[in-house]
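Visitor: For reference, the structure I am asking about is given below.
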Amino acid sequence: MDEPSPTYYNQRQTTVVNHRRLGVVGIVSILYVYLCAGPIGSETVISSGGPLVGLLGFVLYALFVAFPFAYIVAELCSAFPEDGGFTVWVLNAFGSFWAFQVGYWSWVAGVLRGALMPGTLLNLFTRYYGVEVKSSVAVYFIKAAIGIALAIPTFLGTPVVGRLSFVVVVVVILFFSVFTVWSFANTSDFDEMFQIRRERLLYDPAAHDVVSKGDIAIEWATLLNTLYFKFKGLNNASVFGGEVQNPAHSYARAIGYTCVLILVTYVVPMIAGIGTDALPWFLLERDSYPFFAYFVGGSPLRTLIQIAACCGSAGMCMAALHVKTFLVSGMSENGLVPRFLSKRHPRYQSPYNAALLTLVLMLALINLDFDSMLVMTNAYSAGVQLVIIATTIKLRRELPYIARPTKVPGGLPVLYAMAILPTMMFGYITFYACTSLVSAILMVAFFIPGVLYAGYRFYYRRSLA
């Protein structure tokens, strides 16, 4: 079900209106908030493998999976700086059917990610103030109100989203820097940093501590899925390419800075937290940082971390809505979805129809549970990234004459070598999702509408030819 691939040179002419108002700082801010928004949520990497394995996992995953894939993304971002991003790449490589599929998969995964954040925010508020909302209807409408409020910046345009994202980045980094410095000042030793998860937990009277004994028992599935979740989505830097100033140079710098910033965000505060000995590493779970903060600095430091967590969750929801809005708008501009979805507000230049569609889907999914959605969203994102790797290789072979200001050096052999480990990782994530019946059913349930719509568009266009 393929159509002939349009080349780079027969694409539509760009609009007269100049949308390129986003610089390196804006790209880094939006991308960081969308992908990471702070270290909270990374704790299970440590508890599933132990501090030594978990911390090495962050570094090795970044070096051998995230950074190589980021380089691949930066190459095509500089070659195709358009709204819609990677869907334009796939359109040129494999035609409209697959371009729509990857856009649809990414849209669903991103909206699900954003839909989880209002619930996270509500939980943070209720836990902090010690209140309970018993009515499920009231819970839904509170979440919906939070989601609608966080969608407003997208309707006001990219500059507003960029500035608010920058504020979130500053708050998160500043408050976690305070936590890190304070924790290092209270660190007694770093012996636990070299421990690995084992089969049994025993109390050591001499050390007055719980220690792990027996054979090594790393929970590889949890470790790898969490690592993937905490780094996934670098390709989304491309979807607002039409908003970026000087994309030939801005993209490479912004993506590189973001990768380094994310790695530091996960590793440094975690080392500081474990060193305080506030909580045994095998008990770490999502939202352990407020406990660390209370142990180190009491209520004032815990309040700072909770504020950072709230800002991060709000920013992630806002960024998800913005990113997926421009994904849909770019798909519309390239004929993959109806044209009215690319219509922009005359003042703010925001694609408001695409924003409304994205917001409606998010509100429909806002009551879903985080754990039940994690594996499925990982699988959809991994599928998108596998297609992007194949697209990069095909475009390098078939359209070598396209200018690539940022380019993986060394020709195709180096590109193949760089793609090996990311391909293996993304393939594993996709396969793992299929081993769970619930995840497999959810994947099929969301997958079928995309195939049916793409098939309908294909035959509709063919009938008009």
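The values are calculated or read from the model by the stated rules, or taken from the named source; none is laboratory data. Quantities reported herein were computed from a predicted structural model and do not represent experimental measurements. With ideal geometry, Cβ positions are generated from the backbone for all residues, glycine too; neighbour counts draw on all protein chains shown.
Visitor: Could you please find all residues in the stretch 412-454 being in a helix (DSSP H, G or I), in contact with a helix residue (DSSP H, G or I) (Cβ under 8 Å, 6 or more places away or on another chain) and among the small types (G, A, S)?
Guide: Scanning the stretch 412-454 gives A419, G427, A433, S439, A440, G450, A454.
Visitor: If you go through the stretch 241-292, how many residues are under 18 Å from the mean Cα position of the chain (by Cα) and within 18 Å of V53 (Cβ to Cβ)?
Guide: Of the residues in the stretch 241-292, 3 are under 18 Å from the mean Cα position of the chain (by Cα) and within 18 Å of V53 (Cβ to Cβ).
Visitor: Step by step: first the residues of the stretch 336-355, then only those that are part of a helix (DSSP H, G or I) and surrounded by 15 or more Cβ atoms within 10 Å (Cβ to Cβ), then the one that is modelled with the lowest pLDDT. Which residue is that?
Guide: Quick first cut of the stretch 336-355, residues part of a helix (DSSP H, G or I) only: 339-342, 352-355.
Next, from what is left, pick out any that are surrounded by 15 or more Cβ atoms within 10 Å (Cβ to Cβ): 341-342, 352-355.
Details: L341: 89, S342: 85, Y352: 89, N353: 93, A354: 93, A355: 93.
Selected residue: S342.
Visitor: All but one of (1) outside any helix (DSSP H, G or I); (2) more than 28 Å from the chain's Cα centre (by Cα); (3) not basic (K, R) hold for E192; which doesn't?
Guide: Failing condition for E192: (1).
Visitor: Tally time: how many residues in the stretch 124-142 are assigned to a helix (DSSP H, G or I) and closer than 19 Å to A308 by Cα?
Guide: Initially, the stretch 124-142 is screened for residues assigned to a helix (DSSP H, G or I), giving 124-129, 136-142.
Then drop every residue that is not closer than 19 Å to A308 by Cα, which leaves 124-129.
Final tally of qualifying residues: 6.
Visitor: If you scan the stretch 272-291, which residues turn out to be in a loop (DSSP other than H, G, I, E, B) and of a type in the set (A, V, I, L, M)?
Guide: Within the stretch 272-291, the subset in a loop (DSSP other than H, G, I, E, B) is 276-280, 284-288.
Within the stretch 272-291, A278, L279, L284 meet the criteria.
Visitor: List, please: which pairs have Cβ atoms under 7 Å, are six or more places apart or on different chains, and start with a residue in the stretch 37-49 that is over 23 Å from L174 (Cα atoms) and end with one that is basic (K, R)?
Guide: T44/R286; S48/R197; G49/R197
Visitor: Return a yes/no flag: does the stretch 118-135 have any residue that is hydrophobic (A, V, I, L, M, F, W, C) and free of Cβ contacts under 8 Å to residues at least 12 places away in the same chain.
Guide: Here is the first cut: in the stretch 118-135, the ones hydrophobic (A, V, I, L, M, F, W, C) are 121-122, 124-125, 131, 133.
Retained after the next criterion (residues that are free of Cβ contacts under 8 Å to residues at least 12 places away in the same chain): 131, 133.
Checked against the condition, which is being hydrophobic (A, V, I, L, M, F, W, C) and free of Cβ contacts under 8 Å to residues at least 12 places away in the same chain, the stretch 118-135 yields at least one hit.
Visitor: For the stretch 389-411, how many residues are assigned to a loop (DSSP other than H, G, I, E, B), over 23 Å from the mean Cα position of the chain (by Cα) and farther than 19 Å from P422 by Cα?
Guide: Result for the stretch 389-411: 7.
Visitor: Return yes or no: is V211 surrounded by fewer than 21 Cβ atoms within 10 Å (Cβ to Cβ), at pLDDT 90 or above and on the phi < 0 side of the Ramachandran plot?
Guide: Details: surrounded by fewer than 21 Cβ atoms within 10 Å (Cβ to Cβ): yes; at pLDDT 90 or above: no; on the phi < 0 side of the Ramachandran plot: yes.
Here the answer is no, as V211 does not meet what is asked.
Visitor: Just wondering, is there one or more residues in the stretch 373-392 that are surrounded by 23 or more Cβ atoms within 10 Å (Cβ to Cβ), aromatic (F, W, Y) and either touching a residue at least 60 places away in the same chain (Cβ under 8 Å) or within 25 Å of F229 (Cα to Cα) (or both)?
Guide: Yes, the conditions are met somewhere in the stretch 373-392.
Visitor: Among (1) small (G, A, S); (2) over 28 Å from E75 (Cα atoms); (3) surrounded by 17 or more Cβ atoms within 10 Å (Cβ to Cβ), there is one condition A419 misses while meeting the rest; what is its number?
Guide: (2)
Visitor: Can I ask one more? Among the candidates I441, I420, single out the residue that is at pLDDT 85 or above and more than 18 Å from A99 (Cβ to Cβ).
Guide: Numbers: I441 fails: at pLDDT 85 or above.
It is I420.
Visitor: Another one. Whether any residue in the stretch 322-335 is buried (at least 18 other Cβ atoms within 10 Å of the Cβ) and either assigned to a loop (DSSP other than H, G, I, E, B) or of a type in the set (D, E) (or both) is what I want to check.
Guide: Taking the stretch 322-335 and keeping what is buried (at least 18 other Cβ atoms within 10 Å of the Cβ), we get 322-334.
Pick out the ones that are also either assigned to a loop (DSSP other than H, G, I, E, B) or of a type in the set (D, E) (or both) and you get 333-334.
For the stretch 322-335, residues buried (at least 18 other Cβ atoms within 10 Å of the Cβ) and either assigned to a loop (DSSP other than H, G, I, E, B) or of a type in the set (D, E) (or both): present.
Visitor: Check V181 against each of (1) closer than 26 Å to A364 by Cα; (2) in a helix (DSSP H, G or I); (3) of a type in the set (A, V, I, L, M, F, W, C) and name the one condition it does not meet.
Guide: Unmet for V181, out of (1) closer than 26 Å to A364 by Cα; (2) in a helix (DSSP H, G or I); (3) of a type in the set (A, V, I, L, M, F, W, C): (1).
Visitor: Another question, then. Would it be correct to say that S183 is among the hydroxyl-bearing types (S, T, Y), within 18 Å of the chain's Cα centre (by Cα) and at pLDDT 90 or above?
Guide: On the way: among the hydroxyl-bearing types (S, T, Y): yes; within 18 Å of the chain's Cα centre (by Cα): no; at pLDDT 90 or above: yes.
No; evaluated as a whole, the condition is false for this residue.
Visitor: Would a scan of the stretch 164-171 turn up a residue that is surrounded by fewer than 22 Cβ atoms within 10 Å (Cβ to Cβ), of a type in the set (F, W, Y) and under 20 Å from the mean Cα position of the chain (by Cα)?
Guide: yes
Visitor: Another question about this same structure. Scanning the stretch 69-84 for residues that are hydrophobic (A, V, I, L, M, F, W, C) and outside any loop (DSSP other than H, G, I, E, B), which turns out surrounded by the most Cβ atoms within 10 Å (Cβ to Cβ)? Spell out the reasoning first.
Guide: Taking the stretch 69-84 first, the residues hydrophobic (A, V, I, L, M, F, W, C) are 69-70, 72-74, 76-77, 79-80.
The next check asks that each one be outside any loop (DSSP other than H, G, I, E, B); those that pass are 69-70, 72-74, 76-77, 79.
Details: F69: 27, A70: 22, I72: 25, V73: 26, A74: 25, L76: 29, C77: 32, A79: 23.
Checked the stretch 69-84; the qualifying residue surrounded by the most Cβ atoms within 10 Å (Cβ to Cβ) is C77.
Okay, residues lined up against (1) within 19 Å of the chain's Cα centre (by Cα); (2) assigned to a helix (DSSP H, G or I); (3) closer than 26 Å to S238 by Cβ:
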{"residue": "W89", "(1), (2), (3)": "no, yes, yes"}
{"residue": "Q101", "(1), (2), (3)": "yes, yes, yes"}
{"residue": "G114", "(1), (2), (3)": "yes, yes, yes"}
{"residue": "M117", "(1), (2), (3)": "yes, yes, yes"}
{"residue": "L122", "(1), (2), (3)": "no, yes, no"}
{"residue": "L150", "(1), (2), (3)": "yes, yes, yes"}
{"residue": "P159", "(1), (2), (3)": "no, yes, yes"}
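Visitor: Okay, moving on. Within the stretch 106-127, identify whether any single residue is farther than 26 Å from Q349 by Cβ, at pLDDT 90 or above, surrounded by fewer than 23 Cβ atoms within 10 Å (Cβ to Cβ) and not β-branched (V, I, T), and answer yes or no.
Guide: Checked against the condition, which is being farther than 26 Å from Q349 by Cβ, at pLDDT 90 or above, surrounded by fewer than 23 Cβ atoms within 10 Å (Cβ to Cβ) and not β-branched (V, I, T), the stretch 106-127 yields no hits at all.
Visitor: Are there any pairs with C-beta distances below 6 angstrom linking a residue in the stretch 296-311 that is surrounded by 17 or more Cβ atoms within 10 Å (Cβ to Cβ) to a residue that is outside any helix (DSSP H, G or I), with the two at least 6 apart or on different chains, and if so which?
Guide: Hits for this filter: V296/N186; V296/T276; A308/G38; A309/I40.
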